[in-house]
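Below is one structure; the comments refer to it alone.
The values are calculated or read from the model by the stated rules, or taken from the named source; none is laboratory data. Bear in mind the structure is a predicted one, so any value in this text is a computation, not a measurement. Note that each Cβ is placed from the backbone with ideal geometry, even for glycine, and that neighbours are counted across all protein chains shown. These area figures cover heavy atoms from the full protein model, side chains too; ligands, DNA and RNA do not enter into them. Shrake-Rupley method; radii C 1.70, N 1.55, O 1.52, S 1.80 Å.
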Amino acid sequence: MKKSGWLVFALLLHLMVEGQNIPTPDKFLGYPLGTKFTRHHAIVEYCKAIATAAPQMVQYETYGETYEGRPLLLCYISSSENMQRLESIRMNNLRLAGLAKDKMMPVVNNAPAIVWLSYNVHGNEPASSEAAMQTLYELVNPANNKTKEWLKNTVIILDPCLNPDGRDRYVNWYNSVVAKPNNVSAQAREHMEPWPQGRSNHYNFDLNRDWAWQSQIETRHRIKKYNQWMPQVHVDYHEQGFNEPYYFAPAAEPLHQVITPWQKTFQALIGKNNAAEFDKNGWLFFTKERFDLFYPSYGDTYPTYNGAIGMTYEQGGIRAGLGVLTNEGDTLTLTDRITHHTATGLSTIATVSNHATSLINEYKLFFDNNRSGKNFTYKTYVLTSNNLQKLQSVAKLLQSNGIEYGSLINNTFKGLNYQTRKEENAVLQQYHLAVSLMQPKSSLASVLLEPSSSLNDSITYDITAWSMPYAHGVSAYAVKEVLPIKAAEVGQSVISNVPETNYGYLIKYNSLNSARILVQLLNQGVKVRFAEKPFVHNKQMFDPGTLIVLLKGNVANVSQVVQAALQNISAEIFPVTSGMMDSGADFGSPDVKLVGMPKVAMFTGEQVSSLDAGEIWHFFEETLQYPITLFNVTDWSRVSLKDYQVLIMPDGRYNAASDKGFADKLKEFVKSGGKVVAMQNAINVLSNADWGMKLKEDKADEASRKDEYNALKKYADREKEFVTNNIPGAVYKLQLDNTHPLAFGYPDYYYTLKQDPNMYEFLKDGWNVGVLKKDGYVTGFSGNTLKPKLKDGLLMGVQEIGAGNVVYLNDNVLFRSFWENGKLLFCNAVFMVGK
């Protein structure tokens, strides 16, 4: 045999051996992919096995753990040549974006394009993690010559499961109830997933709304890694209702104005290649509908605002199990769903490979334009506050998103005042930070900070307002000029050591940090009082809510406990040497109250919003670190409330309230000295049970209902008709009675994120703490029929019934854990009201 023949034979033999060493998902798992759902640990092991079998092409990395201890992982896949210089490719990519620390190093041209594929962010959309395994195999399959070619100029980062806790919750449930063989009737038990379902993570958070806010541990781990790579393309894999055909980009309107023409064009290019693949196989799909690019914390928008081509791919499949009969009479199988997701993944990689050079060039141009501040109306944002803790919270979020900030060199400037909505000479408070849009992350910074966002379509998938100054409760100016900025941190901790005293301490109560200090002290058995009215001590004014910790009659080591609390939480603390004040109530006055350590319970389970209950659960355990007991609302008749002082009712339907015994039990709890904190629709439930709250009705609506001709509407206008009365999420300014304990620590106003049309009549026998007056609208979409009606109503109130209280919070003050300025209100409702 000739030498060349031996070489060919040796190469074929090597490929055959290599192919035998790289297991297919079917071979590794022991069952054909799609015939059962794979638990997360097996997905992890398969990824490890591929990395072991093909180390020259695949690198496996664990980047964190979930709340329940499951690993979060990535697989890096490329040609052997690229894998040998993977770190150099990463660093070069950051240089392209202007984000590398070694800014003097030259940029290498013709670099590989980076494609990041994210699967299973919603746990009960499980086909994508199965597809991730198939996609991984196809990328390293020695017999697949196409993928070999693509990997020469691409690096693939594959995250097989963003939400392992939610996935295993769904898979473990499904595997425990599935019939043998599986039942395709949509009414079968295996298609009726119980509360809270597997969509969310351990704390019932929707991780696909958390990218920018990073409230959850899974998101924080992922964004840290994402910012180390900054890919050119990111795909977020989902499933939708099982009767829906497949969706892929281009996205629907509204598209945020910072999205570039190139990003839109390349989305369409990828979409066309996906469409060709689907057309070839006779699979139905849709584009440019339903899934927009506006809210900044999605798995498609966040990458888009970070310079990538960010896209959502949606396969019909929620509730489908292993197979389900659709409305069209076809059986949709898990195998079908895996096939479709695998097809779009490979098609997307092919498109990127075929246009890698232009993609890299436009990616670099995106960041070049960012650093020049091009196309932005406002060039500088200045946030200012007398409250250091609030501004440090802003700085922390900017930092976690890689957004640069500093302090102004010259404090004299004009800008749009976020509070007055007018162009004015700026008046800075004690602390400030400034964000220049002359930086690589200026697109993301602009989206997060802009005073209002321009909507080119009012039919949107999510909230339409989120501006950080309103969410964090700080003042701000948007400036059209580039203001000189120097690198600087936001102030220093106000206090590092507890001052010497032989009497006690005063702790200012004006931020979430103040409430966290309070909770830490209560957990250690410290007696804490608060002042219900302002007072002056040592010539300094202290506002209502000020915390008072006295040494006498307290735990023996109170000073050490206070010192320990201040090690991790900054707050303003002052020594006090006497119980007599310069003016105002002395410490023995009836206007000085003991906080106490309430036992807190919350209704949860069926009939309650899992997302809203999860926000509260997470807030108690992770933010406050304070115990809370969760009751299933369906168990209300068996639950004893006598050992609890606070009962929280999150948003929900509360069908149990139709039982008179339910209402009677709650009323008896309150009359006996308990406190109910009712949120969102829970208020409406109580108002229907005659608790004294009454939903405000618009007289014009009543007249309109009586006009028979108003029932005549065009079918084609149904979406437009809907949005005229819709408010998906807009910012309104409330007038606060900050003399009431519910509003301690606030000015006489509060910016609320309003997501429903509900308002209530003013309480005649209660406290109207948060009132929406006329001209309360600030920013975000509010339907033109609804908008003029949102005035002269109650959104936050307190009612005294017997020896107890009911606190009403119509808007979600803990929304997605990013509406920071609402968290102190919630703490006040739990700890301050009713003392």
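Inclusion of D300 among residues that are at pLDDT 95 or above and closer than 12 Å to N208 by Cβ is warranted. Pairs meeting the criteria (first residue in the stretch 649-677 and acidic (D, E), second residue in a helix (DSSP H, G or I), beta carbons under 8 Å, at least 6 apart or on different chains) are D651/D612; D651/N681; D651/A682. Within the stretch 284-298, the residues that satisfy the criterion of being part of a loop (DSSP other than H, G, I, E, B) and open to solvent by 60 Å² or more (accessible area, probe 1.4 Å) are L284, K288, E289, R290.
For beta carbons closer than 7 Å, sequence separation of 6+ or different chains, a first residue in the stretch 273-298 that is within 21 Å of G345 (Cβ to Cβ) and free of Cβ contacts under 8 Å to residues at least 40 places away in the same chain and a second that is aromatic (F, W, Y) and open to solvent by 10 Å² or more (accessible area, probe 1.4 Å), the qualifying pairs are A275/F285. Among the candidates F294, F286, the residue that is closer than 30 Å to M192 by Cβ and of a type outside the set (V, I, T) is uniquely F286. Listed by position, the strands (runs of 3 or more DSSP E) contained in the stretch 584-680 that have at least 1 residues being under 18 Å from N204 (Cα atoms) and touching a Leu at 6+ places or on another chain (Cβ under 7 Å) are 600-604, 675-679. Residues in the stretch 93-123 that are open to solvent by 10 Å² or more (accessible area, probe 1.4 Å) and not aliphatic (A, V, I, L, M) were compared, and the one that is modelled with the lowest pLDDT is K103. For the stretch 635-647, the condition of being within 20 Å of M832 (Cα to Cα), out of contact with any Asp or Glu (no Cβ under 6 Å at 6 or more places or on another chain), small (G, A, S) and open to solvent by 20 Å² or more (accessible area, probe 1.4 Å) holds for none of the residues. Among all positions in the stretch 71-79, there is no residue which is over 34 Å from the mean Cα position of the chain (by Cα), at pLDDT 95 or above and among the hydrophobic types (A, V, I, L, M, F, W, C). When residues of the stretch 589-639 are filtered for being without any contact (Cβ under 8 Å) to a residue 24 or more places away in the chain and within 22 Å of P741 (Cα to Cα), how many remain? Matching residues across the stretch 589-639 total 3. Under the condition of being open to solvent by 30 Å² or more (accessible area, probe 1.4 Å) and in contact (Cβ under 8 Å) with a residue 60 or more places away in the chain, the residues counted in the stretch 226-270 number 11.
Strands (runs of 3 or more DSSP E) fully within the stretch 529-575 that include at least 2 residues being at pLDDT 95 or above, buried (at least 18 other Cβ atoms within 10 Å of the Cβ) and within 36 Å of the chain's Cα centre (by Cα): 529-531, 547-550. Working only within the stretch 576-601, note down all residues that are among the small types (G, A, S) and surrounded by fewer than 15 Cβ atoms within 10 Å (Cβ to Cβ). Across the stretch 576-601, the qualifying residues are S578, S583, G588, G596. Checked against the criteria, A131 does not count as open to solvent by less than 20 Å² (accessible area, probe 1.4 Å), in contact with a strand residue (DSSP E or B) (Cβ under 6 Å, 6 or more places away or on another chain) and more than 30 Å from T634 (Cβ to Cβ). Checked against (1) at pLDDT 95 or above; (2) more than 13 Å from Q315 (Cβ to Cβ); (3) of a type outside the set (S, T, N, Q), G241 meets all criteria but (2). For A212, the criteria (1) in contact with a helix residue (DSSP H, G or I) (Cβ under 6 Å, 6 or more places away or on another chain); (2) aliphatic (A, V, I, L, M); (3) not in a loop (DSSP other than H, G, I, E, B) hold in every case but one, which is (3).
Considered as a group, the residues in the stretch 138-172 that are of a type in the set (A, V, I, L, M, F, W, C) and in contact with a Pro (Cβ under 7 Å, 6 or more places away or on another chain) include one that is nearest to R199 (Cα to Cα), and that residue is V171.
Taking the numbered list (1) under 21 Å from Y170 (Cα atoms); (2) open to solvent by less than 40 Å² (accessible area, probe 1.4 Å) in turn, P23 passes all entries but (1).
With respect to R209, is the statement that it is open to solvent by less than 10 Å² (accessible area, probe 1.4 Å), in contact (Cβ under 8 Å) with a residue 60 or more places away in the chain and farther than 19 Å from T344 by Cα true? Spelling it out, it is not the case that R209 is open to solvent by less than 10 Å² (accessible area, probe 1.4 Å), in contact (Cβ under 8 Å) with a residue 60 or more places away in the chain and farther than 19 Å from T344 by Cα. Checking each residue of the stretch 476-490 against the condition of being among the aromatic types (F, W, Y), modelled with pLDDT of 95 or more and closer than 28 Å to F831 by Cβ gives no match. Do we find a residue being hydroxyl-bearing (S, T, Y) and either in a loop (DSSP other than H, G, I, E, B) or touching a Ser or Thr at 6+ places or on another chain (Cβ under 6 Å) (or both) anywhere in the stretch 139-153? Scanning the stretch 139-153, I find no residue that is hydroxyl-bearing (S, T, Y) and either in a loop (DSSP other than H, G, I, E, B) or touching a Ser or Thr at 6+ places or on another chain (Cβ under 6 Å) (or both), so the answer is no.
Going through the stretch 681-721 one residue at a time, which ones are modelled with pLDDT of 75 or more, in a loop (DSSP other than H, G, I, E, B) and open to solvent by less than 80 Å² (accessible area, probe 1.4 Å)? Scanning the stretch 681-721 gives A689, W691, G692, M693, K696, D698.
Applying the criterion of being under 16 Å from L686 (Cβ atoms) and of a type in the set (G, A, S) to the residues of the stretch 754-806, the residue that is farthest from the chain's Cα centre (by Cα) is G802. Scanning the stretch 648-662 for residues that are surrounded by 13 or more Cβ atoms within 10 Å (Cβ to Cβ) and either under 25 Å from the mean Cα position of the chain (by Cα) or not aliphatic (A, V, I, L, M) (or both) returns I648, M649, P650, D651, G652, R653, Y654, N655, F662.
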